[in-house]
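A.B. asks: First, the structure itself, so that you have it in front of you.
What follows draws every value from the coordinates through simple rules; no lab data is involved. These figures come from a predicted structure and were not determined experimentally. Every residue, glycine among them, receives a Cβ derived from its backbone with ideal geometry; neighbour counts consider all protein chains shown.
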Amino acid sequence: MRFGVLGSGKGSNLEALLEAKKKRIFTGDIVLVLSDVKDSRILQIAEEHHVPAEYIYPGSFRTKLETNQEQEYVLKLKSASVDYVVLAGFMRVIKEPLLKAFSNRIINIHPSLLPAFKGIKAWEQALKYGVKVTGCTVHYVNEDLDSGKIIAQKIVEVLENDTAGSLHDRIQLEEHKLLPNVLQQLLESQKQG
Ligand code: GRF
């Protein structure tokens, strides 16, 4: 199964997937990495692992892609024969061009136990609210932010002396295990189906 990964940031989830691939925990192929941020670490990580990687201009909006630019993302993913798109820290809301082209085939990882704490810096929201547990969620992407069908979740305890940074670090450790496992399960269920 061929995966395309979209990200805007440091790419630790991409790295976890590539490491899981080496260990055969994850046996899918990451065939393309796309980013809306030119100098993002995620593009460098892809290149270091010899995965085709490309920056695509997002357009002038801040929180979504311009429609014709989103179409560019679709074209690139389609020409790489991608089956599933994984959002690994992609900081823009996905709209119709991608949703239509990859219907029920876009998966996101979010750093909270959805439906709690949607949107940005979910770990900070959790800390501020004072919850005792938070975590991470892998879910399908639909037209509403962080609202698609939940595939899997992992709980992370909030500790007494946690800072936003320490909490986010522990959530990410769980993300790095959860995402490869979920994608592998998906892959295996598709093989059987
Ligand atoms: C992760 O915490 C993910 O849950 C969120 O964005 C962050 C991306 O981190 N959607 P990285 O770029 O994979 O390190």
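A.B. asks: If you take every DSSP beta bridge fully contained in the chain, what fraction is antiparallel? Give it as a percent rounded to 5.
C.D. replies: Bridges in the chain are about 40 percent antiparallel.
A.B. asks: Measure nothing fancy, just the Cα-based angle from helix 12-22's long axis to the longest principal axis of the chain, in degrees from 0 to 90, nearest 10.
C.D. replies: 70 degrees
A.B. asks: Modelling each spin label as a point 7 Å along the Cα-to-Cβ direction, I'd like the Ile150/Lys121 distance in nm, to one decimal.
C.D. replies: 2.5 nm
A.B. asks: Moving on. With +1 on each Lys and Arg Cβ and -1 on each Asp and Glu Cβ, how big is the dipole of the chain about its Cα centre, in debye rounded to the nearest 20?
C.D. replies: 300 debye
A.B. asks: To continue, here is another question. Rank the residues Ser12, Ser35, Ser166, Ser103 as a footprinting-exposure proxy: fewest other Cβ atoms within 10 Å of their Cβ go first.
C.D. replies: Details: Ser12 19, Ser35 27, Ser166 14, Ser103 10.
Starting with the residue having the fewest Cβ neighbours, the order is Ser103, Ser166, Ser12, Ser35.
A.B. asks: For the stretch 13-99, what is the charge dipole size about the Cα centre, in debye to the nearest 20, if Lys and Arg each add +1 at the Cβ and Asp and Glu each add -1 at the Cβ? Numbers along the way, then the final one.
C.D. replies: Numbers: 12 positive and 13 negative charges, 44 e Å.
Charge dipole, the stretch 13-99, about its Cα centre: 200 debye, nearest 20.
A.B. asks: Straight-line reach only, C-alpha to C-alpha below 16 angstrom: list the aspartates and glutamates that Lys95 could link to, leaving out same-chain residues fewer than 8 apart.
C.D. replies: Asp36, Glu66, Glu70, Glu72, Glu143, Asp144, Asp146
A.B. asks: Given the pairs Lys118/Lys191; Lys64/Lys100; Lys100/Lys154, which are separated by over 26 angstrom at their Cα positions?
C.D. replies: Pairs exceeding the cut-off: Lys118/Lys191; Lys100/Lys154.
A.B. asks: Of Tyr129, Leu65, Ala16, which is farthest along the charge dipole of the chain in the positive direction, counting Lys and Arg as +1 and Asp and Glu as -1 at C-beta?
C.D. replies: Of the options given, the answer is Ala16.
A.B. asks: List the residues, sorted by chain then number, that are 5 or more residues from Lys64 or on another chain and whose placed amide H is less than 5 Å from its amide H.
C.D. replies: When sequence neighbours closer than 5 places are left aside, the close amide H contacts are Val93.
A.B. asks: Same structure, new question: Grab the DSSP H runs of the chain that are 4 residues or longer, score each as -39,500 (n - 2.57), total them, divide by all residues and round the 222 nm result to the nearest 500 deg cm²/dmol. Working shown, then result.
C.D. replies: On the way: 6 runs with 75 residues, N = 193.
The helix contribution divided over the chain gives -12000 deg cm²/dmol.
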